[in-house]
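Heads up, the thing below is written out as structure tokens.
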Amino acid sequence: MTKKFLLLLTAALVAVPAAAQDLGAPIPQDQQVESVAIEGDDDGPLRGTVTDESAWSDIGIAIPAFATDRDRPTPANEAGTGALGREVARVITANLRNNGLFKPVGPDSLPQPAFAQVRAPAYGTWSGQGAEMLVQGYVTARDDGRLVVGCYLYDVQLQQQLVREGWVVAPGDWRRAAHKCSDLIFSRLTGESPFFDSRIAYIAETGPKDRRVKRLAVMDSDGANHRFLTLGSATALTPRYSPDYSKILYLSYVDGNPRIYVYDIGTGKQTLVTENRNPTIAPRWSPDGKYILYSMAVAGNTDIYRVPATGGTSIKLTDNPGIDVGGSYSPDGSKIVFESDRSGSQQCYVMNADGSNQKRISFFGGRCATPEWSPRGDQIAFTRIAGDFNVAVMNTGGGGMRVLTKGWQDEAPTWAPNGRIIQFFRTERNTGRSGIWQVDLTGQNERRLPTPVDASDPAWGPIRP
Amino acid sequence: MNTKIATILLLSSAMGLAACSKKAPADIPPPPVDTTRPTTQPTPQVQPTGPAVGTQAHFAQAVGSSTTIYFETDRYNVDTQDAAALQAQAQYFARFPQVTFTIEGHADERGTREYNLALGERRANAAKAYLVSLGVDANRISVVSYGKERPVALASNESAWAQNRRAASVIIN
């Protein structure tokens, strides 16, 4: 196998003049969410688990409003911690229901437990309502203004607490506590890793098909806390959150040419990924955030390059007259799956992270584009082009291909942090209208994400630190 | 010479600012002619009231539909019809050596976004290489790919996609 490394001109990341950046105001950086010990029933070992996948979608989960010890107004919600407790339960209910995983019943059709009952459920009441599982919790305001949210999961049949956890959050981060609680319940009942407390970067689209305005935007995994990051005077495409959420890689036409920028969320400043006159596209992070992959066209020929995230020398990973583009690291950082038309049409290839040992893995009918390695490491999602465009998965050797969606043009899959759900964007025939959708690995549970305007290029970040 | 280069740079950066509202050339009627501005070079072939040299309208008037060449699905080769169009362009650029231009490469919507950006780049460079082989100075030609982001035909059918798989030469002025 020919392995050719081409050293490019060394270039430090160079700041771009602020006036030419198309950027809106920077958004506040993440606040810390702190775990806190909370009181609960510690009697005896847990007797039962509920990890049987065939059963868990049918579990009836009751999620009454979270209680409070003393109703106090908070900056998050002037109606007070009592009303906020109801909102928290609503967010958890929506999370569990929208992902097709459970059949939760929310606070608006359930009795509200008193504060004292959070740690000592009235099991008789809940079993009488047919609930198998019960989520209770509380919201209290501390004197320093921060909120404490406690989250408890009970097995109604066993009359036992399964798990509990508490968090201290800034009032503006109360939804994060609801997502943490959703993750706790999801993980305890399925044995899977969490994914609700995460964010999504994407491209917000407005305007007619031939003059589409495309802006960089971010939102929570459930569509809340939505923000536009660019103003729309320049086309923005293909964002990727850094693993620590401090930066976003994306493509912008802000200087008239397609180029990859590194946008620093805390400072609101952005830099070119590499100082070079050639167009750069398709940015990706390594799992540890230390490297950036990008694709660059030189005299019309596109190849894949790697550069340290802090700037420095780029290394050329592919060297082929075909279009080599994209790239997605395996979770351990040792391999990269990418797309190339070197065989005559778009197909998926795997190489070592240093560019060696490039091998085609897709040999089923149709084309393989935009491959993305699952965070679990066992699957690769991609756009399968066989007439229509659909999202499909295969194992890392290219076997076991399964098509998950049935749209006319479903494109660019991105994995949930736990590797169980895939988001993608769907474009409508003729109108060009686009939206973000998600589907689970069974292909059975598909839904559209709520976004304020049309949306494309979703990029799901990891569980928030 | 230096002054001329500086002027071109200034003008092209002004173009850059206006680029967002600029539509694909095949899609727009010729802009209203500014008769108050004298042409910088006398051109007997063009009527005095016609578009000024160095404008897209002037270029389009001279070469007709040959401002744009079209490609088969996923292809970027210059076929016979494309070659004829590029020869007409090359003659124009030989006659007006002060004119600089950008080749915009495009793809139809039936490709993935990033691949189409690379494909548009390939198409624009194929057109550039052909023009250079005909004697046009490579330094006069800029290249930019828009992938599938700027269609001129808006339907989702074969006819529209054929119109969108294109490399369009656009005068920088």
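The values are calculated or read from the model by the stated rules, or taken from the named source; none is laboratory data. No experiment lies behind these values; they were computed from the predicted model shown. Positions of Cβ are backbone-derived with ideal geometry, glycine not excepted, and every protein chain shown enters the neighbour counts. Ligands, DNA and RNA are stripped out before the accessible areas are found, and what is left, the full protein with its side chains, is counted by its heavy atoms. Shrake-Rupley method; radii C 1.70, N 1.55, O 1.52, S 1.80 Å.
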Original post:
Can you list the residues of region A:190-226 that have at least 50 square angstrom less accessible area with all protein chains present than in their chain by itself, probe 1.4 Å?
Top reply: A:LYS209, A:ASP210
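Above 40 angstrom, tally the Cα pairs of the protein assembly as shown and express them as a % of all pairs, no decimals. Can you show the working numbers first?
On the way: 74057 of 203203 pairs.
In whole percent, the share of Cα-Cα pairs in the protein assembly as shown beyond 40 Å is 36.
Roughly how much accessible area, to the nearest 100 Å², goes out of reach of solvent when A and B pair up, both sides summed, probe 1.4 Å? Each step should come with its number before you reach the end.
On the way: alone 19200 and 9950 Å², together 26170 Å².
Summed over both sides, the interface buries about 3000 Å².
Count, for each residue of B:119-129, the Cβ atoms from other chains sitting within 10 Å of its Cβ, then give me the mean as a whole number. If you can, show how the numbers build up before the last one.
Values: counts 6, 4, 12, 8, 1, 2, 5, 1, 1, 2, 2.
Mean partner shielding for this stretch: 4.
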Original post:
Among rounded, prolate and oblate, which fits region A:275-344 when a ≥ b ≥ c are the square roots of the eigenvalues of its C-alpha gyration tensor, a/c under 1.5 means rounded, and a/b larger than b/c means prolate?
Top reply: oblate
Subject >> Which listed pairs, of A:LYS335/A:LYS406; A:LYS247/A:LYS335; A:LYS290/A:LYS316; A:LYS316/A:LYS359; A:LYS247/A:LYS269; A:LYS335/B:LYS148, have C-alpha distances above 21 Å, in listed order >> reply: A:LYS335/A:LYS406; A:LYS247/A:LYS335; A:LYS335/B:LYS148
Original post:
Taking square-rooted eigenvalues a ≥ b ≥ c of the alpha carbon gyration tensor, is region A:397-465 rounded, prolate or oblate, where a/c under 1.5 means rounded and, failing that, a/b exceeding b/c means prolate?
Top reply: oblate
**OP:** Would you mind checking the tilt of helix A:174-190 against the longest principal axis of the Cα atoms of chain A, expressed as 0 to 90 degrees and rounded to 10?
**Re:** 90
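Going through region A:332-433, which GluC sites (Glu not before Pro) have at most 15 other Cβ atoms within 10 Å and a DSSP loop state? If you can, show how the numbers build up before the last one.
On the way: sites: A:GLU339, A:GLU372, A:GLU411, A:GLU428; in loops: A:GLU428.
Here the GluC sites (Glu not before Pro) that fit, given the DSSP loop and packing criteria, are A:GLU428.
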Original post:
How far is helix A:81-98 tilted, in degrees, relative to the longest principal axis of the Cα atoms in chain A, given as a value from 0 to 90 rounded to the nearest 10?
Top reply: 50
Original post:
Hey, got the average number of other protein chain Cβ atoms within 10 angstrom for residues in B:144-156?
Top reply: 5
**OP:** Work out how far the C-alpha atoms of region A:346-409 reach from end to end along every principal axis, then list the three figures in whole Å, largest first.
**Re:** 36, 24, 17
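Could you work out the equivalent-ellipsoid semi-axes for region A:111-221, taking the square root of 5 times each eigenvalue of the Cα gyration tensor, largest first, in whole Å?
Working: eigenvalues 258, 71, 32 Å².
For region A:111-221, the semi-axes come out at 36, 19, 13 Å.
Could you tell me whether region A:300-401 comes out rounded, prolate or oblate from its Cα gyration tensor? Rule is a ≥ b ≥ c as square roots of the eigenvalues, rounded for a/c under 1.5, then prolate if a/b exceeds b/c, otherwise oblate.
Values: a/c = 2.02, a/b = 1.34, b/c = 1.51.
Note, shape of region A:300-401 comes out oblate.
According to the Kirkwood expression over distinct Cα-Cα pairs, how big is the hydrodynamic radius of region B:116-173, in Å? If you can, show how the numbers build up before the last one.
Numbers: mean 1/r = 0.0804 Å⁻¹.
One decimal place: 12.4 Å for the Kirkwood radius.
Residues of the protein assembly as shown: accessible area per residue at 1.4 Å, in Å²? The partial results should precede the final answer.
On the way: 26170 Å² over 638 residues.
Spelled out: the 1.4 Å probe surface of the protein assembly as shown, per residue, equals 41 Å².
How much of the accessible area of region A:320-366, probe 1.4 Å, is carbon plus sulfur, in whole percent?
On the way: 770 of 1530 Å².
Carbon and sulfur: 51 percent of the exposed surface of region A:320-366.
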